[in-house]
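Reviewing the structure listed below.
Only the coordinates and a few stated rules stand behind these numbers; no lab work does. Owing to the predicted nature of the structure, the values given are computational and were not obtained by experimental measurement. Glycine gets a Cβ as well: all are built from the backbone with ideal geometry, and neighbour counts include every protein chain shown.
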């Protein structure tokens, strides 16, 4: 199990109320400031999410890559579904502390044919998003099929395994609780199917739709379950300090406790603190041992 | 080698809930096996059938329903009697359609008086359904609970938006709440937790998972009920170990197909048989998914479903 994993900051996002307009108006101030803050917060990568960017995507991506690279040396995830915008970003990107990473390439023939050659041409990495021709995968096996397809296509195109970041997609616990163990399960077989690849996870989605004050414990617990499943990194809120502590191996006891829950060991709840009890309950919900409800901590 | 029949190992059971006048000892639930799996565990209480009565003459309805009930159309007391005497309903569901704020918007007081009149005239258990308008139901059902103190009604739909007010009245005046959520197992569990936190005892809660009729979401209701029952019986989910109620007549008979005449839809065949079969198939499926109480409208459906229950219960 990884005791130290990398983090990608998710905060440079078009859905932000200040950054969205800044992207639209090409106002560099707020964009630079966020890139600086994320860098100071200690993330390893910065995700640049410009959304679908149907109009003016290439110009926007080119501009934002330049703007961000003026203030940080961190490698960037280029996050949009617009293929031309991805290419514009790759063309502009200057590798300082690492390659740019295309976020993301789905296991759909059209997307693979359009994007894999670009990643290869510009010597970039890629997020292999396990989303298939019919949408969300239904279980670990479908995810396994998609990872094999992406791995084969990418390595044939000349992309190195260590430049492939596999994301098996996590669903919100309040709508598709049963999919979470299937997401974790993929990491456990990933190295057999796609040796040498790396991994990532759009972790905040797990708590999407749950009450706001309960999102941190869901995200933190899920990160620990991911680490026990062998994940090497995750895309997170750059300013969530407990997530940093967990990812950087500063919470070894809690991480060990989560491992016990995952292995199905008997746990003497009477010996746990209130905080530990809450983490155990949350892990049990995420692993599907007990059915989710918004009040799971009160049971 | 002898064939070994697989057997489910149950770790939970459905709570037994008394309904109606306690001196009559009518119980629902208590299931210790999946629906009709009497060979795997005890099923002490067969599913029960209620028939629905409208508190005001329906504006639009299928010809067969109009023919059967037009003599009692504007008298819920007589309508209830007819369902019990002629069609053998185990219980009555009074639908308070007249309280709809977008319709007649009858007051909570008037509605409660009507409920009391019907409750006083029958000796089978009485279910009372509002219009699913969160604010209006909150007023109407609270008043119904108060005016009918001691009548042990089942009142619903109690939703996340009004559970506190109706739940408190149900505790104070000893009625059972029908906890209704929009076809979602997580929300069903959550509402039961909230009702429990409020102090409503488990013995006063029924689950209404929201009914989709044949062609109108039946498979979603089926699937959620099946999962609720599995969570209750093999995953020890205590918050879901409660009987389920399905309001079927209302959903089926409001559909276009159930109301169309033979001239309007000749390809769909005899309208009466069509509507009855749509209602019976919905009922049969939801029984298989774990329904403990069904609310039906057409007496022919009642007959069909009752014979199915009798045969399957052995």
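With kT/(6 pi eta Rh) evaluated at 10 °C and eta = 1.306 mPa s, and Rh the Kirkwood radius from Cα pairs, region A:159-255 diffuses with a coefficient of 115 µm²/s according to Stokes-Einstein. In chain A, the longest principal axis of the Cα atoms and the axis of helix A:180-193 are about 60 degrees apart. Computed from Cα positions, the angle between helix A:57-69 and the longest principal axis of chain A comes to roughly 70 degrees. Scoring A:37-45, B:89-97 by mean Cβ neighbours within 10 Å over their residues and listing the highest first yields B:89-97, A:37-45. Taking the convex hull of the alpha carbon positions in the protein assembly as shown and averaging its projected area over all directions gives 34.3 nm². The C-alpha atoms of chain A define a longest principal axis, and helix A:28-41 lies at about 40 degrees to it.
Cβ-Cβ distance of residue B:288 and residue B:39, R₀ of 22 Å, FRET efficiency by 1/(1 + (r/R0)^6): the value works out to about 0.90.
What is the Å³ per residue value for the convex hull set by the Cα atoms of region B:1-122? Numbers along the way, then the final one.
Working: hull volume 23.7 nm³, N = 122.
Considering the Cα atoms of region B:1-122, their hull volume per residue is 194 Å³.
Each principal axis of region B:123-238 carries a Cα extent, and these read 38, 32, 30 Å when sorted largest first. Take B:259-266, A:236-243 and order them by the average number of nearby Cβ atoms within 10 Å per residue, most first; the result is A:236-243, B:259-266. For the pair residue A:266 and residue B:236, label points projected 7 Å from Cα toward Cβ lie 1.2 nm apart.
Between residue A:192 and residue A:157, how high is the FRET efficiency from 1/(1 + (r/R0)^6) when r is the Cβ-Cβ distance and R₀ = 30 Å? Nearest 0.05. Before the final figure, lay out the partial values.
Values: r = 22 Å, r/R0 = 0.73.
With a Förster radius of 30 Å, E is 0.85.
Dividing the C-alpha radius of gyration of region A:204-299 by 2.2 N^0.38 Å, with N its residue count, gives 1.02.
Taking max minus min of the alpha-carbon positions on each principal axis, region A:1-146 gives extents of 45, 41, 31 Å, largest first.
From other protein chains only, count the Cβ atoms within 10 Å of every residue's Cβ in A:287-293, then give the mean. It would help to have the intermediate numbers written out before the result.
On the way: counts 0, 1, 1, 6, 14, 5, 13.
For peptide A:287-293, the averaged partner shielding equals 6.
Here region B:250-314 and region B:129-203 have alpha carbon centers that stand 27 Å from each other. Across every pair of non-identical alpha carbons in chain A, the mean reciprocal distance, once inverted, gives a Kirkwood radius of 19.6 Å.
Placing one equal scatterer on every Cα of region B:235-314 and applying the Debye formula, the log10 ratio I(q)/I(0) at q = 0.18, 0.23 Å⁻¹ is -0.76, -1.04. Computed log10 I(q)/I(0) for region B:127-190 at 0.18, 0.19, 0.20, 0.21 Å⁻¹: -0.55, -0.61, -0.67, -0.73, from the Debye equation with unit scatterers placed on every C-alpha and solvent omitted. Across chain B, the fraction of Cα-Cα pairs farther apart than 24 Å, rounded to a whole number, is 51%.
If you take the Cα centroid of region B:89-117 and the Cα centroid of region A:44-66, the two points sit 58 Å apart.
Both the radius of gyration and Dmax for region B:89-130 are 10.9, 33 Å, in that order, over alpha-carbon atoms. Taken along the Cα-to-beta-carbon direction at a fixed 7 Å, the label points for residue B:109 and residue A:70 span 7.2 nm.
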